[in-house]
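The values are calculated or read from the model by the stated rules, or taken from the named source; none is laboratory data. On a predicted model such as this, the values are computed, not experimentally measured, just so you know. Backbone-built Cβ (ideal geometry, glycine too); neighbour counts: all protein chains shown. In case anyone asks, the SASA skips ligands and DNA or RNA and just uses the protein heavy atoms, side chains included. Shrake-Rupley method; radii C 1.70, N 1.55, O 1.52, S 1.80 Å.
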Amino acid sequence: MNHEETMDESVRTFPRLLERLTVLPALSKLAPRVLHAVASQLDWFGLPGGQVLFNRGDSEDSLYIVLSGRLGAFLPDDYGNEVLVRQMTAGETVGEMALLSGLPRSATVAALRDSELVRLSKAEFEILVEEHPHALRFITDLLVSRLQQPPRLTPSMEAPGTVVLIPLAREFENDLIARSLAEAFQQIGLRATVLNAESVSQPADWFSAVERDHDIMIFRADYGATAWTRLCLRQGERLVLIGSATRPLEGISPAASLLLDQRQRSITELVLYRTESELPSQTLAMMSRFPMVQHHHLRCDSTRDHRRLARMISGRAIGLVLSGGGARGMSHIGVIRALTEAGFEVDLFGGSSMGSIVAAGAALGWSNAELTSHMREAFCVTNPVSDYTLPLVALFRGKRTTDFLQRHLEDHQIEDCVYPYFCVSTNLTTASLKVHRTGPLWRATRASIAIPGVLPPVIEESEILVDGGVLNNLPTDVMSEMRRGPVVASDVSRNYGFRATIDDLDQRPLWQLAGHARRGTPNIITLLMAAGTMSSYAIGRKLHERVDMVIEPQLSHVNMLDWKSFDLIVEEGYRSTMELLEDKRGALLQRQ
């Protein structure tokens, strides 16, 4: 194969290759004479970042060993998009299956950054095995190892070794942001260093030495399409575009244009800066211009925000998912307070039904006191579900619910939240789950709590959206698929003492039904609320297996409409979380 070289031929000598191979785990068990024989058959070359090694379906059957850098394996998802499913770093191999079977390549493999590899062709392998049969053990060991860890079609979000910051405007062409991010990485236990254009003339060995001494190298690219910027783009395992959340982008920087013009396989993210007092106004415009995996809002002087970005990039961010459950959902407030007091910084929020509202407040950056105040006023001081109407569509008009959501969530957009946020609703038109990641926050939460028969659905472009709990009352799978780090779930749908105090409901007079309803016998509202989420309970139990910690407040005595027990419910969420953290704290910290 005719790959562009990235290193000087003069340094590519056999003794040097033998020295490099000796320290690789894949070859460490070989006898010296066998290793010498293997090395004599290898072709040493460089693969620039972004370049494809081979494509899925290719008949090429060589084996490759990574000496330095990082490769990525890509498979198409259900929509035809290439998904990064595996990463290969120094010492790992690629292509042993094709070498032995001769079958076409099962995935596309490309360099995520400038890499050095050695190639062993099938013809050379056959000569090697004929002359040195013991060399076959080297291949079979690789094959067994690979079969024990088969790739999965899920996005890979491993911690990168290199991060490239690309300024979208000249004001972001400085080392201040890079140094702030490096300090944030240090605070979460990762050794980081910043490299700028002063390093452009350094040889490959110098960069390798820096990499050995650090967990993450932060490359600060120039504003222009300079030689340094081109080198940065080739090195970037994670590319981060830096722009403003409040000022329109007058033109794309030459560096960003260079990125957009080339086929870039590294994960690319968008960071939007603002001051504490500024409100984001350019998020949607920037997202449409740069359709990245994730965007992040950072306040310039917030070390907390920079730590969040560092955790998001390195796959150590805590994602909190809150379930639906009516009044029982107020216990989520206590859960958040407990996690905060225990020293955990939650970085992403998601929810369904009532959990979507509590998560929305947390994602806006409300303090625990503000969150408690908003929820108490919304559900205890005033009852948003009390405007009965002729039940042509639902028991309630839903206007009071809409009014209170608009009053408390104001004009905030999901994409402008301080912390990444999503909520889910059920699309009855398409019979599918809808994940809300953009648009008015009040409207998304209104759809997520629209219990069929209780509240009118939300109509969006003629499609009918109802309560997210109908299909997924605890969307931990949505959070898990983001692969940003450990997932914590607060589930208040379990342990619900839903029992009747009388039987023969169809034979009882209305006055008896009304009396027993106050003692727990279900009424039409609680029946609809329970039935509307029942189908997702079984799914939720299975999803618990993909969660790092599940908090289940003991609320069997609390009715779904028992808003007056607000303080008791919140306190139970707090108590249950603190109690669970005594056992699970170590495991959760380890995932961070």
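Here are 315, 319, 343, 329: which of them is without any contact (Cβ under 8 Å) to a residue 24 or more places away in the chain and farther than 24 Å from residue 256 by Cβ?
Details: 315 fails: without any contact (Cβ under 8 Å) to a residue 24 or more places away in the chain; 319 fails: without any contact (Cβ under 8 Å) to a residue 24 or more places away in the chain; 329 fails: without any contact (Cβ under 8 Å) to a residue 24 or more places away in the chain.
Checking each option against the conditions leaves just 343.
For the subset of segment 379-422 comprising residues that are assigned to a strand (DSSP E or B) and open to solvent by 50 Å² or more (accessible area, probe 1.4 Å), which member is farthest from residue 560 (Cα to Cα)?
As a first pass, look at segment 379-422 and keep what is assigned to a strand (DSSP E or B): 388, 396, 413, 421-422.
Filter again for open to solvent by 50 Å² or more (accessible area, probe 1.4 Å), leaving 388, 413.
Values: 388: 18, 413: 29 Å.
Selected residue: 413.
Given the criterion open to solvent by 50 Å² or more (accessible area, probe 1.4 Å) and at pLDDT below 95, identify the matching residue among 257, 266, 288. Before the answer, list the steps.
On the way: 257 fails: open to solvent by 50 Å² or more (accessible area, probe 1.4 Å); 266 fails: open to solvent by 50 Å² or more (accessible area, probe 1.4 Å).
Testing whether each residue is open to solvent by 50 Å² or more (accessible area, probe 1.4 Å) and at pLDDT below 95 leaves just 288.
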Test of understanding: among 154, 162, 140, which residue is at pLDDT below 95 and touching a Gly at 6+ places or on another chain (Cβ under 7 Å)? 162
Enumeration of residues in segment 75-100 that are at pLDDT 80 or above, aliphatic (A, V, I, L, M) and buried (at least 19 other Cβ atoms within 10 Å of the Cβ): 84, 88, 90, 94
Determine the pairs where a residue that is within 13 Å of residue 221 (Cα to Cα), located within segment 170-186, has a partner that is at pLDDT below 95 and surrounded by 15 or more Cβ atoms within 10 Å (Cβ to Cβ) with Cβ atoms under 8 Å apart, the partner being 6 or more residues away or on another chain. 170/253
Say whether the condition of being at pLDDT 95 or above and in a helix (DSSP H, G or I) is met by at least one residue in segment 431-441. yes
Options 277, 281: the member that is in contact with a helix residue (DSSP H, G or I) (Cβ under 9 Å, 6 or more places away or on another chain), open to solvent by 50 Å² or more (accessible area, probe 1.4 Å) and outside any helix (DSSP H, G or I): 281
Where a residue in segment 98-113 is under 12 Å from residue 60 (Cβ atoms) and its partner, wherever it lies, is of a type in the set (Phe, Trp, Tyr) and part of a helix (DSSP H, G or I), with Cβ under 9 Å and at least six apart: 99/125
When (1) open to solvent by 10 Å² or more (accessible area, probe 1.4 Å); (2) assigned to a strand (DSSP E or B); (3) not basic (Lys, Arg) are applied to residue 219, the one that fails is (1)
